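Here the structure comes first, spelled out in structure tokens, and everything after it is commentary.
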2 protein chains.
Amino acid sequence: MIYPKSLEKLINYYKKLPGIGEKNAERLALATLNFKDEDLENFSKSIIDVKDKLGKCKICGHLAEGDICSICSDSSREQNLICVIEDYKSVFSFEKAGNFNGVYHVLNGLISPADDIGPENINLASLVKRVEGLKKPELILALKSTIEGETTTLYIKKIFEKKDVMISRLSYGIPMGAEIDYLDIITLDKALEDRKKISE
Amino acid sequence: MIYPKSLEKLINYYKKLPGIGEKNAERLALATLNFKDEDLENFSKSIIDVKDKLGKCKICGHLAEGDICSICSDSSREQNLICVIEDYKSVFSFEKAGNFNGVYHVLNGLISPADDIGPENINLASLVKRVEGLKKPELILALKSTIEGETTTLYIKKIFEKKDVMISRLSYGIPMGAEIDYLDIITLDKALEDRKKISE
């Protein structure tokens, strides 16, 4: 055995993380070894803490410490403007961008018949119920533009189309800074379709 | 605050690791969140364990669980053939290569007057003592070819040159597979100087 046993164990846990290979795991483990005692204890504790303290928000399905997440319990946010997203990573992205003052609904998945994931397998029923209790609800569907994303978008649109709910989706188009001649044709087509009038 | 508190803490500890930036730390923390409960507990425990269980080998200075490392306590290895290295990362590299059957001496540093690191600040005194107790000792100096490495190599050579100790250093030369015309001139010079006769 090349590594002392306790070091080998730590290396193996680092290897379980995405994008961390053998060499990198060794490097991280050796760096961990050089942490101050206090940091080591707190690092160790913080791993247990995310398990013990984090659950799902009972309203939106986002990560929460306690029953309701910090966004749903923030009365300064528009609770009737709901951005529907695939998973909580998108919440962090929107919150970093920082311009959205509504709330979220985390589906924790997308409808995918090929993978046997139907509407009942994602966090949709709670969205229907949630919207029923709101005045002038507005849904922004922010799902990715894959078959699964589009299917889920259409399905949600169908559920709500006869109810008095305003529904929109994110615009498709050219990513900022991208070279037009390097874009794939589908994106280009969508950007053409979603073109906006230039206002004076 | 974008992240729940306990998640934010974990992200911050990942960020302390080398080469892990903001985005990557978030990715690792979210992946940790998806670990099985058992893995989470063991990962957390393994961080504390490296602190509690790993110390320095009293003979060679390498990482050890207990007083003596697994290499120094392996009687099948030639205890009088000592490879002198800068830090324990080199031990792992040699052990992975797998062709060295001697033992190591980990200096935990190199002599560097510019950084106020003298011979007394690295693990050298114990090497002198260690060599005294050996029959036909042989030292292989495997230090890097920087000013600090060369200084340390020369210093060690000087300590032992009047004693009956065989001393060698690793050969300098062309890395396997490297293009000759891309090599820096110092490496090329060293490779010329260290040239070996081709035996039939």
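The values are calculated or read from the model by the stated rules, or taken from the named source; none is laboratory data. Here the structure is a predicted model, which means the values were calculated and not measured. Note: ideal-geometry Cβ built from the backbone for every residue, glycine included; neighbour counts use all protein chains shown.
Can you tell me which residue among A:104, A:88 is surrounded by 13 or more Cβ atoms within 10 Å (Cβ to Cβ) and farther than 30 Å from residue B:47 by Cα?
Among A:104, A:88, only A:104 is surrounded by 13 or more Cβ atoms within 10 Å (Cβ to Cβ) and farther than 30 Å from residue B:47 by Cα.
Among the residues of region B:48-58, is there at least one that is part of a helix (DSSP H, G or I), at the interface with chain A (Cβ under 7 Å from one of its Cβ atoms) and over 19 Å from residue A:13 (Cα atoms)?
no
Output the residue which, of all residues in region A:145-156 that are surrounded by 15 or more Cβ atoms within 10 Å (Cβ to Cβ) and in contact (Cβ under 8 Å) with a residue 12 or more places away in the chain, is nearest to the chain's Cα centre (by Cα).
A:149
Kindly indicate the residue of region B:94-114 that is within 15 Å of the chain's Cα centre (by Cα) and in contact (Cβ under 8 Å) with a residue 40 or more places away in the chain and also farthest from residue B:72 (Cα to Cα) among those meeting that condition.
So the residue we want is B:110.
Being in contact with a Cys (Cβ under 7 Å, 6 or more places away or on another chain) and not hydroxyl-bearing (Ser, Thr, Tyr): is that true of residue A:69 here?
So residue A:69 passes the test.
For the subset of region A:59-69 comprising residues that are at the interface with another protein chain (Cβ under 10 Å from one of its Cβ atoms) and in a loop (DSSP other than H, G, I, E, B), which member is surrounded by the fewest Cβ atoms within 10 Å (Cβ to Cβ)?
The selected residue is A:66.
Can you find even one residue in region A:70-87 that is more than 7 Å from chain B (Cβ to nearest Cβ), touching a residue at least 60 places away in the same chain (Cβ under 8 Å) and within 19 Å of the chain's Cα centre (by Cα)?
Yes; the residues of region A:70-87 include at least one that is more than 7 Å from chain B (Cβ to nearest Cβ), touching a residue at least 60 places away in the same chain (Cβ under 8 Å) and within 19 Å of the chain's Cα centre (by Cα).
Out of A:40, A:17, report the one residue that is at the interface with chain B (Cβ under 7 Å from one of its Cβ atoms), without any contact (Cβ under 8 Å) to a residue 12 or more places away in the chain and within 29 Å of the chain's Cα centre (by Cα).
Residue meeting the stated conditions: A:17.
Could you look through region B:17-60, keep only residues that are in contact with an Asp or Glu (Cβ under 7 Å, 6 or more places away or on another chain) and among the basic types (Lys, Arg), and pick out the one that is farthest from residue A:34 (Cα to Cα)?
B:58
Collect the residues in region A:32-68 that are closer than 20 Å to residue A:82 by Cα and of a type in the set (Val, Ile, Thr), keeping them in residue-number order.
Residues satisfying the conditions are A:59, A:68.
Would you pick out the residues in region B:163-195 that are farther than 20 Å from residue B:146 by Cβ and of a type in the set (Ser, Thr, Tyr)?
Scanning region B:163-195 gives a single hit, B:182.
Residue-wise test of (1) at pLDDT 90 or above; (2) in a loop (DSSP other than H, G, I, E, B); (3) not hydrophobic (A, V, I, L, M, F, W, C).
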residue	(1), (2), (3)
A:123	yes, yes, yes
A:126	yes, no, yes
A:135	yes, yes, yes
A:148	yes, no, yes
A:156	yes, no, no
A:173	no, yes, yes
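Could you tell me whether any residue of region B:32-39 is in contact with a Lys or Arg (Cβ under 8 Å, 6 or more places away or on another chain) and surrounded by 20 or more Cβ atoms within 10 Å (Cβ to Cβ)?
no
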